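*Asks:* Sharing a structure below in structure tokens format, with a few things to ask.
Values in this text are rule-based calculations from the coordinates and carry no lab data. On a predicted model such as this, the values are computed, not experimentally measured, just so you know. Positions of Cβ are backbone-derived with ideal geometry, glycine not excepted, and every protein chain shown enters the neighbour counts.
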Amino acid sequence: MARNKHNVVEYRIYELPLDFPVLCLTGESWRISDVPSNRLHFHNCLEIGFCHTDSGTLTFEDGAIPFTAGDVFIIPRHVPHTTCSARGCKSMWSYLFVDFDALAADVLPSGDAYENKSLSRLGKYLKITAKSDPRLHFLCNTLLEEAKKNDAEAQQMIRLYSLTMVAELQRRKLEEGKPTAKNSKVFPLKPALEYIHDHYTEPCDAETLANLCYLSQTHFRRLFLSCMGSTPLQFVISTRIYQACIMLVNTDEPVLSIAQAVGISSVSSFNRNFQQVMGMSPRQYRESAHRPSPRKGSILTYRGWMVPEK
């Protein structure tokens with residue numbers, strides 16, 4: 001019997017600091033189980049996965065892709081997937097979660113001609129090996145080595161290498177004249193999630209989002225609630241509050257300015273929505289010593305819940 005591809009899809013959010021949007025998860029603890037997961041998951045940002053040992057399969061909605069030690073996978077945001085090691089082994093991985101748009105923002109010119117150059121804009125996953133694509137394979141691994149250093153010089157090098165990766169991928173796309181990967185199935189909610197990601201400060205009504213996914217509003221709402229665990233409106237609000245949390249931690253902007261920056265016009269509405277999502281007021285969140293916040297100005301290592309699945 002065919003698997004119900006919409007049965008369970010888990011959304012995993014990673015906090016990326018505003019001033020240096022890179023998260024590095026690495027170390028001996030990152031061993032992947034050989035027991036298949038009963039669900040796919042996707043992220044709010046681009047993931048680069050590095051297989052260091054052993055082998056297994058990386059499953060997407062359109063099928064399973066084999067991996068072995070040395071392989072690198074670039075997986076855009078909102079692309080469901082899961083990893084399983086071969087029977088009897090636990091492959092070791094490292095992961096980088098990166099916002100290449102933000103890293104390259106100070107270097108790439110603005111405008112429509114450049115909006116699709118970033119790796120964050122990929123619509124498909126890429127499997128990269130030292131043999132199939134030595135240049136991109138080298139760049140990815142160099143990024144990982146710099147991320148492990150976790151210092152100011154490493155951050156500067158990551159910005160430079162990130163720009164090189166953007167240019168390398170864009171050149172390869174132009175040379176090939178076709179998509180960079182053959183996986184054609186797309187998570188049906190991906191167009192809506194991409195739109196919310198890019199336009200959360202603007203009105204995002206269900207009709208517009210459903211049309212982007214080529215679904216009726218009724219089907220779209222039902223599918224969204226099933227996959228995301230919330231209504232489209234609740235998800236838009238949560239996205240705005242999430243961005244506000246980052247600004248509260250990383251800037252000294254007043255609450256009204258932050259509310260307006262994330263698309264909420266009044267302080268009262270912002271405070272009410274923030275309380276509903278976070279369980280505390282924006283001021284309490286900013287002043288709390290126990291809030292779940294990124295460390296400003298540094299590459300993060302995994303904290304608490306950010307550990308491999310058992």
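*Asks:* What's the exposure ranking of Met157, Met165, going from fewest to most Cβ atoms within 10 Å? Kindly include the intermediate steps, with their values, before the conclusion.
*Replies:* Details: Met157 17, Met165 24.
Fewest-to-most Cβ neighbours within 10 Å comes out as Met157, Met165.
*Asks:* Can you tell me the dipole magnitude for the stretch 16-94 around its Cα centre, using point charges on the Cβ only (Lys, Arg +1; Asp, Glu -1), in Debye to the nearest 20?
*Replies:* Details: 5 positive and 8 negative charges, 38 e Å.
Charge dipole, the stretch 16-94, about its Cα centre: 180 debye, nearest 20.
*Asks:* Another question, then. Pop a pseudo-label 7 angstrom from the Cα along the beta-carbon direction at both Arg135 and Lys90 and give the gap in nm to one decimal.
*Replies:* 3.9 nm
*Asks:* Give me the aspartates and glutamates in straight-line cross-link reach of Lys127: C-alpha distance below 17 Å, same-chain residues under 8 apart excluded.
*Replies:* The reachable aspartates and glutamates, counting only those whose Cα sits under 17 Å from Lys127, are Glu47, Asp54, Glu61, Asp62, Asp71, Glu168, Glu176.
*Asks:* Still on this model: Efficiency by 1/(1 + (r/R0)^6): what FRET value for Leu160 and Ala64, r their Cβ-Cβ distance, R0 = 30 Å, to the nearest 0.05? Could the numbers behind the result be given before it?
*Replies:* On the way: r = 35 Å, r/R0 = 1.17.
That pair, Leu160 with Ala64, gives E of 0.30.
*Asks:* Can you figure out the FRET efficiency of Glu207 with Gln170, using R₀ = 35 Å and their beta-carbon distance, to the nearest 0.05? Walk me through the intermediate numbers first.
*Replies:* Numbers: r = 34 Å, r/R0 = 0.97.
Computed FRET efficiency for Glu207 and Gln170 comes out at 0.55.
*Asks:* Amide H to amide H under 5 Å from Phe67: which residues, 5+ apart in sequence or cross-chain, H placed 1.01 Å off N in plane?
*Replies:* It is Gly56, Thr57, Leu58, by chain and number.
*Asks:* Using the Karplus curve 6.51 cos²θ - 1.76 cosθ + 1.60 with θ = phi - 60°, what ³J(HN,Hα) values do you get for each residue of the stretch 57-69, in whole Hz, with x for Gly and Pro?
*Replies:* 3J(HN,Hα) across the stretch 57-69, in whole Hz: 9, 10, 9, 10, 5, 9, x, 9, 10, x, 9, 8, 3.
*Asks:* At 0.36 nm per residue, minus the direct Cα-Cα distance, what do Ala261 and Tyr242 gain on full extension? Give it in nm, one decimal, please. All intermediate terms of the calculation are to be shown ahead of the outcome.
*Replies:* On the way: separation 19, 0.36 × 19 = 6.84 nm, distance 1.22 nm.
Value of the extension gain: 5.6 nm.
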